[in-house]
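To start, the structure under review is shown below, and the notes come after it.
The values are calculated or read from the model by the stated rules, or taken from the named source; none is laboratory data. Please read all numbers here as calculations on a predicted model, not as lab measurements. Positions of Cβ are generated from backbone atoms using ideal geometry, with glycine treated the same way; all protein chains shown enter the neighbour counts.
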Amino acid sequence: MNTQNRSLIVLAIAGLAMGMFAFTAGTADAATITYDFESQDNTAATTGTGFSVNDLQETGVTATYGHMTGTSDTTVVRGFRADRVDNTLPAPSTSPDYLDFTITPDAGFTLDFSAATFDMTIGSWIPTTATGPLEFGTAVFYQINGGTLTAVGSTSSVTNVDTNTTGWTETLSNFSLPPGQTALPTTGGLVEASITQIDLSAITGLNADDTVTIRIALGDNSGNKHKHDYVDDLVLNGFTSVPEPGSLALQSLGLLGLIGFGRRKRR
């Protein structure tokens, strides 16, 4: 085998391998991103390939990890002091208090949200000394490459809390306390809501290497320093990260190179 033929084979195999790698990584099963706080950190658990995601970012809030004790539910949640959350409801894109995370595709890959949904759990707790109903609201937005914030799903999903009707007795542990306070009241009301299947298929027009940020704006109609809001189980489902057409073209060129070499050799 002469040097020219050897070079053709090497180039063809390289192109085929690179294209197959990109194709395989980009057409994997639908990916998921989950923030469940069980390890008391803001890192994400992920499935799927072709992308990366940062830790959950928090802006404008005083946050801590905690859970309700005295019940069978010991799930760790991410809690916020109500008096430190913006009092605007429904929570607008301009809310100074929000959570967000950014999905970054691998180089040359494009994110696809045509079948994607977003789920989360929100809740509020207030002591029996508070006057209800009090509300904690969230709204979900997205950004492409850090640009304009666009709403998805309902403008606000609100948990209504009223100590006159819930009658639950809970102990709130591991939550931040107001200045000078050594313990929270041990009785109060807790209301939790699951927000499921927020449709993200409106996130379209993405190009290779475009990033997508999901923002959860927070709002609360109470300045009560004893009240706590929380979020849990933030889950992004069903998106994919696919290779740009150039990667598939590279694979095709590799195949053509091998075919061409085979024909040349037969001559």
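Of all residues being among the hydroxyl-bearing types (Ser, Thr, Tyr) and in a loop (DSSP other than H, G, I, E, B) in region 198-224, which is nearest to Asp119 (Cα to Cα)? Just the residue, please.
Only one residue fits best here, namely Ser201.
Give me the pairs: first residue in region 96-114 and on the phi > 0 side of the Ramachandran plot, second residue assigned to a loop (DSSP other than H, G, I, E, B) and of a type outside the set (Gly, Ala, Ser), beta-carbon distance under 6 Å, and six or more apart or on different chains, which are they?
Pairs that qualify, where the first residue is on the phi > 0 side of the Ramachandran plot and the partner is assigned to a loop (DSSP other than H, G, I, E, B) and of a type outside the set (Gly, Ala, Ser), are Gly108/Glu244.
Which numbered condition in (1) at pLDDT below 70; (2) crowded, with 19+ Cβ neighbours inside 10 Å is the only one that Asn164 fails?
(2)
Give Leu236, Leu206, Leu177 a once-over and let me know the one that is under 15 Å from the mean Cα position of the chain (by Cα) and either of a type in the set (A, V, I, L, M) or at pLDDT below 90 (or both).
Step by step, each of Leu236, Leu206, Leu177 is checked, and only Leu236 is under 15 Å from the mean Cα position of the chain (by Cα) and either of a type in the set (A, V, I, L, M) or at pLDDT below 90 (or both).
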